[in-house]
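The next block holds one structure in the form of structure tokens; read it before the comments.
Each reported figure results from applying straightforward, stated rules to the coordinates on display, with no laboratory input. Only a predicted model underlies this, so the values are computations on that prediction, with no experimental measurement involved. Reconstructed Cβ throughout: ideal geometry from the backbone, glycine too, with neighbour counts over all protein chains shown.
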Amino acid sequence: MVNKQEIYSLLENVCDPEVPALTVLDLGVIRDVIIEEDLITVKITPTYSGCPAMNTISANIKFELLAQGFKNVKVEEVLSPSWTTDWMSDEGKRKLKEFGIAPPQYKTKDNPLEEDAIVPCPRCDSKNTKLVSQFGSTSCKALYKCLDCLEPFDYFKCH
Ligand SMILES: [Zn+2]
């Protein structure tokens, strides 16, 4: 009999198709794993509604578990409560930055609103950055430019 923990460790092999450095666990989209006899149900919450990556993620979860010999695998979407960037693990945020994407910033006293958020450059940590476009390589990201190292970079938007 397989246990939840084993399924979770297999899910560490499933990556975000947009940011392959992140696993679905880093991303915080796995809500629950339910094991009933030979049926394994993985409940996921999409990061952004209409994010096409989610179809790939659920297909990859199925594929990974089928490849490990589980025959009856179901992936269910849980839409409520909706995903927030708070569910992303600290490890996930660190990997995002390493990948060259600025991790989500939080509303704090210094950063009261997302539109005014200071997004530090993931390459040189400069706070001298500028929003170029609300939409980066995907709708989940905004495009910024660092005014110090002059590199453009994606910012994973708060949600
Ligand atoms: Zn920079």
Provide the percentage of antiparallel DSSP beta bridges, counting only those with both residues in region 4-86; round to the nearest 5. 55 percent
Expected 222 nm ellipticity per residue - DSSP helices of 4 or more, -39500 (n - 2.57), all of the chain, to 500: -6500 deg cm²/dmol
Can you give the % of DSSP beta bridges in the chain that are antiparallel, to the nearest 5? 65 percent
In debye, nearest 20: dipole of the chain around its Cα centre with unit charges on the Cβ of K, R (+) and D, E (-)? 340 debye
Could you list which residues have their amide H under 5 Å from that of residue 75, counting only those 5 or more apart in sequence or on another chain, with H placed in the peptide plane? 42
If the cut-off is 25 Å between C-alpha atoms, which lysines fall inside it for residue 127, apart from same-chain ones fewer than 8 positions away? 93, 95, 97, 107, 109, 141, 145, 157
Can you tell which of 28, 57, 1 lies farthest toward the positive end of the dipole of region 1-95, using +1 and -1 charges on the Cβ of basic and acidic side chains (Lys, Arg; Asp, Glu)? 57
Can you list the lysines whose alpha carbon is less than 20 Å from that of residue 4, not counting same-chain residues fewer than 8 positions off? 43, 62, 71, 74
Could you estimate the translational diffusion coefficient of the chain from the Stokes-Einstein equation, with Rh from the Kirkwood formula over C-alpha pairs, at 10 °C and 1.306 mPa s, in whole µm²/s? 95 µm²/s
Going by alpha carbons, how many degrees (0 to 90, nearest 10) lie between the helix axis of 53-67 and the longest principal axis of the chain? 40 degrees
Calculated log₁₀ intensity ratio I(q)/I(0) where the Debye formula runs over C-alpha points of region 4-86, q = 0.19 Å⁻¹: -0.78
